[in-house]
Amino acid sequence: KAGVTQTPRYLIKTRGQQVTLSCSPISGHRSVSWYQQTPGQGLQFLFEYFSETQRNKGNFPGRFSGRQFSNSRSEMNVSTLELGDSALYLCASSHGLAAKSSYEQYFGPGTRLTVT
Amino acid sequence: AQSVTQLDSHVSVSEGTPVLLRCNYSSSYSPSLFWYVQHPNKGLQLLLKYTSAATLVKGINGFEAEFKKSETSFHLTKPSAHMSDAAEYFCVVSDHGGSQGNLIFGKGTKLSVKP
């Protein structure tokens, strides 16, 4: 079974631009969660999607948004990029709603975003 | 609010010696606890999880962790370190839908293994 895939793996953008990251979950998984990883803040939860609906959200500004499609694939969008948005963005999938269960999450390799 | 504290930011051991990575948690609920490993430039891989069954949990690659409710700890151990164990390890508590999101990560412990 294929693992979680994320595209692109690396991105370089300039301040003020917007970016869209993509995540394909493991086949059969309906939940997709997004995380931001930085050296200073560590791993922080962005949001979780389940059955095309955002079910849970972390403490990030509205510039960070996402969506999930009927095939469970998910995209994350960051508008008006700031230097501080430079990070590794990780996507994770699980069978059920991760927020309400003990389902383990399977992580993709991440997208490394650099904002200049 | 739930939280997790990894007591060491960096641990260095020699190959063949035991590994101990320490984790304390705070939870209002009966928590689910996980250990994940992240090798350089890779995503996170689940090592093991505790979900209120046996308190001693065995994971992959010879790792295990013991849930101690009285000490609110979930330390990760391995009897004999291998060079390939060098990575960053994250202790994680499941928030089960609380305000902080579904998984709360510790700051991580970088494990170095000397030959």
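Just give me the residues in segment B:5-37 being over 22 Å from B:Ser112 (Cα atoms) and outside any loop (DSSP other than H, G, I, E, B), in sequence order. If the condition is that a residue be over 22 Å from B:Ser112 (Cα atoms) and outside any loop (DSSP other than H, G, I, E, B), then B:Tyr25, B:Ser26, B:Leu33 are the ones that fit. A single member of B:Ser73, B:Ser84 is buried (at least 17 other Cβ atoms within 10 Å of the Cβ), farther than 29 Å from A:Phe47 by Cβ and away from every other protein chain (no Cβ under 12 Å), and it is B:Ser73. Within segment B:87-94, the presence of a residue that is surrounded by 12 or more Cβ atoms within 10 Å (Cβ to Cβ) and assigned to a loop (DSSP other than H, G, I, E, B) is excluded. Filtering segment A:66-79 to residues that are in contact (Cβ under 8 Å) with a residue 12 or more places away in the chain and either of a type in the set (Ser, Thr, Tyr) or out of contact with any strand residue (DSSP E or B) (no Cβ under 7 Å at 6 or more places or on another chain) (or both) leaves A:Phe69, A:Ser70, A:Ser72, A:Ser74, A:Ser79.
For the residues B:Lys107, B:Lys49, the requirement of being facing chain A (nearest Cβ under 8 Å), touching a residue at least 40 places away in the same chain (Cβ under 8 Å) and among the basic types (Lys, Arg) singles out B:Lys107.
Consider segment A:48-65 and keep the residues that are more than 14 Å from chain B (Cβ to nearest Cβ), part of a loop (DSSP other than H, G, I, E, B) and in contact with a strand residue (DSSP E or B) (Cβ under 9 Å, 6 or more places away or on another chain). The one that is modelled with the highest pLDDT is A:Arg63. Go through the residues of segment A:66-80 one by one and say whether even a single one is part of a loop (DSSP other than H, G, I, E, B), of a type in the set (A, V, I, L, M) and within 15 Å of the chain's Cα centre (by Cα). Among the residues of segment A:66-80, not one is part of a loop (DSSP other than H, G, I, E, B), of a type in the set (A, V, I, L, M) and within 15 Å of the chain's Cα centre (by Cα), which makes the answer no.
When segment A:6-47 is filtered for residues that are of a type in the set (Gly, Ala, Ser), in a loop (DSSP other than H, G, I, E, B) and over 13 Å from A:Ser72 (Cα atoms), the ones remaining, listed by number, are A:Gly16, A:Gly40.
The values are calculated or read from the model by the stated rules, or taken from the named source; none is laboratory data. What you are looking at is a predicted structure, and each value in this text was computed from that prediction instead of being measured. In this analysis, Cβ positions are derived from the backbone assuming ideal geometry, glycine residues included, and neighbour counts consider all displayed protein chains.
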